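Worksheet: one structure, shown below.
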Amino acid sequence: MTRSVSAVKIAAFSLAAGGLAMSVSAAAQYNQVLGNNLAKCAPGAGPAVKVTVNGIKQSSGKIRVQSYNGTKADWLEKGRWLARVEAPAKSGTMVFCVPVPSSGTYGIAVRHDVNGNGKTDIREDGGAMSNNPSINIFNLGKPSYQKTAFNAGSGVTSISVTMKYF
């Protein structure tokens, strides 16, 4: 009897540990801060999204590019971004490479923190999103996931966004 109880306890512990490992693995897919490694968007690389950001108004502060799963549950939700790439802003056009976990549906959000204070200053800062949806004071810069979602393949998917400033 003792052996069978011990076997049950060991099996239950193994299942619990396996479930914990899966939940840690699932959580590990969020909030990855990465450098802008354009080699990850070279021919034959991927899966990744090559993001060309147009219309950057000035060379001050930082540009932040974040990827999200293209779902209602994740899009623009705090702590639900997959990867973040930041770089000092350069006026005009910048290119970023954002690796994604696998082929699938994603959304990209770009923010220009003009004064680099880490806060959103609506009168100064700019933003852009995949598919370049309309952003205005009424939707507070948060268009739905359906308007920003795009499919990324197993290689490198290229998108272009245009910054908008209020």
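Somewhere in the range 131-145, is a residue under 18 Å from residue 47 (Cβ atoms) and either outside any loop (DSSP other than H, G, I, E, B) or over 17 Å from the mean Cα position of the chain (by Cα) (or both)?
Checked against the condition, which is being under 18 Å from residue 47 (Cβ atoms) and either outside any loop (DSSP other than H, G, I, E, B) or over 17 Å from the mean Cα position of the chain (by Cα) (or both), the range 131-145 yields no hits at all.
Just the residues that are closer than 17 Å to residue 111 by Cβ and either modelled with pLDDT under 95 or in a strand (DSSP E or B) (or both), please, taken from the range 146-166.
Within the range 146-166, 159, 160, 161, 162, 164, 165, 166 meet the criteria.
Could you count how many residues in the range 62-95 are polar (S, T, N, Q), touching a strand residue (DSSP E or B) at 6+ places or on another chain (Cβ under 6 Å) and surrounded by fewer than 19 Cβ atoms within 10 Å (Cβ to Cβ)?
2
Name the one entry in 90, 57 that is in contact (Cβ under 8 Å) with a residue 40 or more places away in the chain and not hydrophobic (A, V, I, L, M, F, W, C).
Answer to the selection: 57.
As an exercise: evaluate residue 73 against (1) touching a Ser or Thr at 6+ places or on another chain (Cβ under 9 Å); (2) among the hydrophobic types (A, V, I, L, M, F, W, C); (3) assigned to a loop (DSSP other than H, G, I, E, B) and give the number of the one condition it does not meet.
The one condition residue 73 does not meet is (1).
Does the range 109-122 contain at least one residue that is in contact (Cβ under 8 Å) with a residue 60 or more places away in the chain and of a type in the set (D, E, K, R)? Outline the logic, then answer.
To start, the set of residues in the range 109-122 that are in contact (Cβ under 8 Å) with a residue 60 or more places away in the chain comprises none.
No, the range 109-122 contains no residue that is in contact (Cβ under 8 Å) with a residue 60 or more places away in the chain and of a type in the set (D, E, K, R).
The values are calculated or read from the model by the stated rules, or taken from the named source; none is laboratory data. These figures come from a predicted structure and were not determined experimentally. Quick reminder, even Gly has a Cβ in these numbers, built from the backbone with ideal geometry, and neighbours come from all protein chains shown.
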